[in-house]
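Taking it in order: structure first as structure tokens, then the write-up.
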Amino acid sequence: MQRVDNISRRDLIKLLALAGAAMARPVSLLADVVPGQTTNIDNSTDPLTSHPRLFYHPASLERMRQALASDSAADADLKKRGKKLLHAKLIPEAKAMRGPGQQASYGDPGNQILEMSLTLGLLYQLTGDKRYADKLREAMLYYTNYARWTAPSFAHRSPPWHSELDTQKFSFGFAAGYDALYAFLSDADRKTISDVMIRMGIQPILNDWVLPGTRIHSFDSMGHNWWGVCVSGAGIAALALLGDDPRAQGWIDAMDAGFEQWFNYPGNVLQNRVATFERSGPSYEGVNYTKYGVSEYLRYRLAWQNTYPGRKPAPVEPLDHLGRFFLHTLYPTSDGSYSVNFNDSSIETGSSETILLLMACGFGTPEASRYLELAHSQLQSTLISLLQPYPRPLVAMDAPMSFIYPDMGWAMMRSSWDNDATFLAMKSGYTWNHAHADAGSFILFQQGAPLIIDSGTCAYNRPEYIDYYCQSRAHNVILFNGSGQPREDMFVGCKFSGHMHSLIDGLGLKYVYADATGPMARSFSRNYRHWVWSGDVILIIDDVQAHTSGQMDWLLHYKGKYQADSDGSVKLKNGAAQAVVKVLYPPTTLREDKGLAEHNPDKKVPYLVFSPNAQMQSAQFFTAICLNPDAVPKFEILEGQGYLGVRMRTTAAVEELYLNLRAVRSPGTQDIHVGDWVTDAYLVHFKRALSGDQSIQRFFVSDGSYLRYQGQSVMESLSKLNACWAQDSALEIFSDKDSALIQIAAESSPQSIKWNNRPVSGQYDGQSKLISLNIPPI
């Protein structure tokens, strides 16, 4: 193992003191952040020799005693967990070595010592009851007798691994226990525990994941959640040993430098890797593994901040925005909440603890507070008890109802932030590791329940994990001749990722589209899916071009029951959630196929397949999801020279949507004539009034540079754009662009103009009846 030069403990403390004196002391300790209260801490105390310090200290413990004295339920819950752990049987290593999967059952003792250290250690500090300290000491000394803190299977890899996720659990648990019992343990106990913590935790992790000369992992091979999780465990252990081992500061410095690179990893073209984190927050791995990797880092960072109260931690840009990601992937219901479960996640995944850790580490945002308000979580754990006193920012009440993460290829839309609203999530991104082969897929929640679903995942050691759950047929996509994305994408990474583009939400219309061509390039040269949500109808337009003629199958996975109608529509029902799904074009035949239940590969469940009646090379699918089965609109397919469209009649309006087939077949300036209308837009959508002169109430164009009626300009832009607009006395325009040069028709100069809800000015020409807008970037 490569080591830093040994320096004396006294010199190390002097260096740290000089560094700390140069900076203002930030608010970071638990005791310091409760508003309106002061602390009795002696600031002259050396933080490197005082214990406990990682997650609490004497002043915060006293405040917690007072809080528990006035909250009998919380006090009883904490002691109940402690009583259970007092009677828990310790796990022999022989038992840990048995179990399915590469990690066997080492996670069980790892989780046990982690929970014991946090809970029993805290209870001992709060009560002084030696029973808690005795049990924790017994457990720590027991687990020092393990031969390893990692499953033996990893030693047979090439090169051999000496650490993995379970090593982190042991390291974290031993660090928290060592810190909590420091004064209780004898010198011999501390030496035994610290020696094993270094030999089986810190050194194996550093040698495998961080240090030059011994490191076997890179961000390109294991830079997803594994790197952050494993190194966090070693980091907390090193923080616990500061003041006892002169090497600890060097270890911490090396890990801090690594974490900065982990969050900034840009991807690797030759290895088919994408950036692990978007600058706007999440990891491409999805809700569950973003939560996992970041939470373990934040535990380390919180301990770091509490250990160095005079130092400023490094900024981490993605963490500034991560609360927003968890909020936008949350679906609140009347009696709980769900989350988007793309990739290896579950709709039951909750991120409240991660949100509290973000706040404790200084990354709290109004969106994070809104998450806690909407998630309805039952927050119960020792760590959450420690995190609760940290202040929370004001709740964000103006969060947008639609959001897009273009780098990872996710988008979310909702009818409102109320409980049990309608929520649509779409994905077209990267495939590898925990990211499935599902470019272009989508899910739908309604009336508090999942209705159109992702198949989810299962235990990774089951063959069905790769053979079904990760594959395209487990998702709501189009298959070609029964095949989806290449199977090998899950192992080597998708060479050409999918993407989400052009989110618009305004004037009662929501729009986004997926480019899923890259992941399906083996079969398709075009693979675009558009979602246009207007009122109670979501229209899905698929534009697909295959290399050869073949069978295309449109897949739909659902929760609950379905009923097929004679007109080809299908009514889905899951409790109060209901919708009617109908492929409007082309004519299709419906059949059932068999898939596997979420997290239950032993249970078969049906899913639906809509298959055109003939093989096709070029296909355009028009599908309607009607959110109100009691008021399904009347649909009419419109076919003309160079276009394909649909007319939708509801009780409130007539809406028409046209797909420019000339733009499909020969991209560029290819116009179509629809009655008196002429446009080069790829998609154009009109919403007309039912009564009166049936004037157009709302316009929408996708990828268009002009729209004209009877020779008069309605919209002009030298650059093709996506925009939705309406006008009466005011002009409102919504676009996926922050800036533009555009002209919009108006009978008179509008009283006000807004671009994406931002007031802007324009110049009106009474002769041409056009408003010229030059929208500068924000």
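The values are calculated or read from the model by the stated rules, or taken from the named source; none is laboratory data. Source: prediction; values computed, not measured. Note: ideal-geometry Cβ built from the backbone for every residue, glycine included; neighbour counts use all protein chains shown. Protein only, heavy atoms only, side chains kept; ligands, DNA and RNA dropped before computing areas. Shrake-Rupley method; radii C 1.70, N 1.55, O 1.52, S 1.80 Å.
So, counting K/R as plus one and D/E as minus one, what does the shell of residues with Cβ under 10 Å around GLY484 add up to? Present the calculation step by step, with values, prior to reporting the outcome.
Values: positive: ARG473, ARG487, ARG522; negative: ASP438, ASP489, ASP553.
Local net charge: 0.
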**Request:** Compute the long axis of helix 248-264 from its Cα atoms, compare it with the longest principal axis of the Cα atoms of the chain, and write down the angle in degrees, 0 to 90, nearest 10.
**Result:** 0
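Of all DSSP beta bridges in the chain, what percent run antiparallel (nearest 5)? Kindly include the intermediate steps, with their values, before the conclusion.
Details: 149 of 153 bridges.
Antiparallel bridges: around 95 percent, rounded to the nearest 5.
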**Asked** Which cross-chain or sequence-distant (5 or more) residues have an amide H under 5 Å from the amide H of GLY550, H modelled 1.01 Å from N in plane?
**Response** MET616, GLN617
**Message:** Given the whole protein assembly as supplied and a 1.4 Å probe, what does the accessible area of TRP209 come to in Å², nearest 10?
**Reply:** 0
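Whenever you get a sec, compute what percent of the accessible area on the chain sits on carbon and sulfur atoms (1.4 Å probe). All intermediate terms of the calculation are to be shown ahead of the outcome.
Numbers: 15340 of 31290 Å².
Result for the chain: 49 percent of the exposed heavy-atom area is carbon or sulfur.
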**Asked** Taking Cα centroids, how far is segment 624-683 from segment 311-357 in Å?
**Response** 38
**Fill in**
Given Cβ charges of +1 for Lys and Arg and -1 for Asp and Glu, the option among PHE363, SER752, LEU596 whose Cα lies farthest towards the positive end of the dipole of the chain is LEU596
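Here is the link list: LYS687/LYS769; LYS80/LYS130; LYS510/LYS603. Which ones come out longer than 27 Å on Cα distance? Provide the component values of the computation, followed by the final result.
On the way: LYS687/LYS769 21 Å; LYS80/LYS130 16 Å; LYS510/LYS603 36 Å.
Over 27 Å Cα-Cα: LYS510/LYS603.
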**Complete:** With all protein chains in place and a 1.4 Å probe, ARG81 shows an accessible area in Å² (nearest 10) of 50
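Inverting the mean 1/r over all pairs of different Cα atoms, compute the Kirkwood radius of segment 73-204 and quote it in Å.
Details: mean 1/r = 0.0663 Å⁻¹.
When all Cα pairs of segment 73-204 are included, the Kirkwood radius is 15.1 Å.
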**Asked** Roughly how tilted is helix 72-86, in degrees to the nearest 10 and between 0 and 90, from the longest Cα axis of the chain?
**Response** 60
**Prompt:** Over the heavy atoms of VAL532, what accessible area does a 1.4 Å probe trace out, to the nearest 10 Å²?
**Reply:** 0
**Charge tally in the Cβ shell below 15 Å around TRP417, where Lys, Arg are +1 and Asp, Glu are -1, TRP417 excluded** = -2
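Based solely on its DSSP helices, what 222 nm [θ] is calculated for the chain when runs of n ≥ 4 H residues each add -39,500 (n - 2.57) and the sum is averaged over all residues, nearest 500 deg cm²/dmol? Show your work: numbers first, answer last.
Numbers: 19 runs with 219 residues, N = 778.
Taking each H run of at least 4 residues, the total per residue is -8500 deg cm²/dmol.
Taking segment 181-275, how much of its Cα-Cα pair set, in percent, is spaced more than 19 angstrom apart?
Numbers: 1983 of 4465 pairs.
Result for the distance tail: 44 percent.
Please give the per residue volume of the convex hull enclosing the alpha carbon atoms of segment 333-442, rounded to a whole number of Å³. Provide the component values of the computation, followed by the final result.
Numbers: hull volume 13.5 nm³, N = 110.
Spread over its residues, the Cα hull of segment 333-442 gives 123 Å³ apiece.
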**Prompt:** Convex hull volume of the Cα atoms in the chain, per residue, in Å³?
**Reply:** 181
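Let me know the volume per residue of the alpha-carbon convex hull for segment 257-305, in Å³. Don't skip to the end; give the middle numbers.
Working: hull volume 4.2 nm³, N = 49.
Roughly 85 Å³ of hull volume per residue.
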